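A.B. asks: Can you read through this structure? Questions will come right after.
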Amino acid sequence: MRPVIPYVTAALLFGLGVYGVLRRRNAVLVLMAVELMLNAVNLILVTADTTVRSVLPHSGQVFALFVIVLAAAEIGVGLAIVLQLYRLRASVAVDEVPLTEPAESPRPAVAASAGPDREAGR
Amino acid sequence: MTGADLLLIALGAVAVGSGVLVVTTKHLVRAGLYLVVCLGALAGDYLVLGAELVAWVQVLIYVGAVVVLLLFAVMLTRAPIGASDDLDRPGWPAALIGGGAGLGLTVLLVDAYRWSTVALAEAGTAERLGEQIFRSWVLPFEVLSVLLLSALVGAVVLSRPDIGRPAPAADRTAAPGGVDVETGGRR
């Protein structure tokens, strides 16, 4: 097995992920590009497991499993943020997200409707 | 060139090709489906490299769960059916940085490994990996479980409109399925 083949595959996939994150406007597509980058790192880890003799056997594959779990958590929170953004602004274009706090104008109703703090869950 | 090399080349070509389509296609839903092809080819790569458990977990979690979540998000954000023109920014910097990162890493790794060969190690079956995880990597494993729990709670808090989001609370409480005004203010 020649390890340079999967290594080059992983490098190209990582470059594609960087390109996608910088190029895409739609937040869901940005998340897909992030998945490409995470998978490139996973491929590097699994390949390194065969080429590098580590003290503990199969460390690279264990790391790859950990990265997969991290990616699952990341995609859950990321999609919650994207859906909240869509609910607030009816658009998921990442270059239209305001980076500053909006002015104090649209919130007179808050003070009226926000009652005393009851349970947080309900 | 052995059979494993040929398989790696073919699967790598499929993965990179569908990856190109993921970042360039004009159809939102097709991007998700190309991502399935890409992740499936990578699972095949893992199998050839002897990482059995990682390959099956990849199929289960990535192809099964993550892509389905992404497609749900595509539909929940009312993505248009068919091609849409406003998906991209004009991107010379993106092509420059992405291409630079990809080609730079390629040159680095090709220079490091040349055309050397390596004997495949013993396959990473569930038994061997489980022994490693629960013997040497127990603490990271437990920390990961806590992280998953906190991510779950975070996602729930983020997606409930009546928790912690002060901005337009008036129309929020009037939304269908919303809570009544007395209990539904900010936290």
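A.B. asks: Of the conditions (1) at positive phi; (2) out of contact with any helix residue (DSSP H, G or I) (no Cβ under 9 Å at 6 or more places or on another chain), residue B:78 fails just one. Which one is it?
C.D. replies: (2)
A.B. asks: In this structure, does residue B:155 turn out to be of a type in the set (A, V, I, L, M, F, W, C), surrounded by 14 or more Cβ atoms within 10 Å (Cβ to Cβ), under 20 Å from residue A:80 (Cα atoms) and at pLDDT 60 or above?
C.D. replies: Yes: the conditions hold for residue B:155.
A.B. asks: Using beta carbons and a limit of 6 Å, which pairs, at least six apart or on different chains, have the first residue in segment B:1-18 and within 10 Å of residue A:5 (Cα to Cα) and the second one assigned to a helix (DSSP H, G or I) and of a type in the set (Ser, Thr, Tyr)?
C.D. replies: B:12/A:9
A.B. asks: Right, something else. Just need a number here: residues in segment B:68-84 that are part of a helix (DSSP H, G or I) and open to solvent by less than 70 Å² (accessible area, probe 1.4 Å).
C.D. replies: Count: 5.
A.B. asks: If you scan segment A:72-99, which residues turn out to be farther than 16 Å from residue B:65 by Cβ, more than 7 Å from chain B (Cβ to nearest Cβ) and in contact (Cβ under 8 Å) with a residue 24 or more places away in the chain?
C.D. replies: A:85, A:93, A:94
A.B. asks: Let me ask something else. With (1) more than 7 Å from chain A (Cβ to nearest Cβ); (2) over 23 Å from residue A:80 (Cα atoms); (3) open to solvent by less than 80 Å² (accessible area, probe 1.4 Å); (4) in contact (Cβ under 8 Å) with a residue 24 or more places away in the chain as the list, and residue B:121 as the residue in question, which single condition is left unmet?
C.D. replies: It fails just one condition, (1).
A.B. asks: For segment B:39-61, which residues satisfy the criterion of being open to solvent by less than 20 Å² (accessible area, probe 1.4 Å) and within 7 Å of chain A (Cβ to nearest Cβ)?
C.D. replies: Result: B:39, B:42, B:45, B:46, B:49, B:50, B:51, B:54, B:58.
The values are calculated or read from the model by the stated rules, or taken from the named source; none is laboratory data. Given the structure is predicted, the values throughout are model-derived calculations rather than measurements. Neighbour counts are summed over all protein chains in view; Cβ atoms, including those assigned to glycine, are modelled from backbone coordinates with ideal geometry. Surface areas here come from the heavy atoms of the whole protein model, side chains and all, with no ligands, DNA or RNA. Shrake-Rupley method; radii C 1.70, N 1.55, O 1.52, S 1.80 Å.
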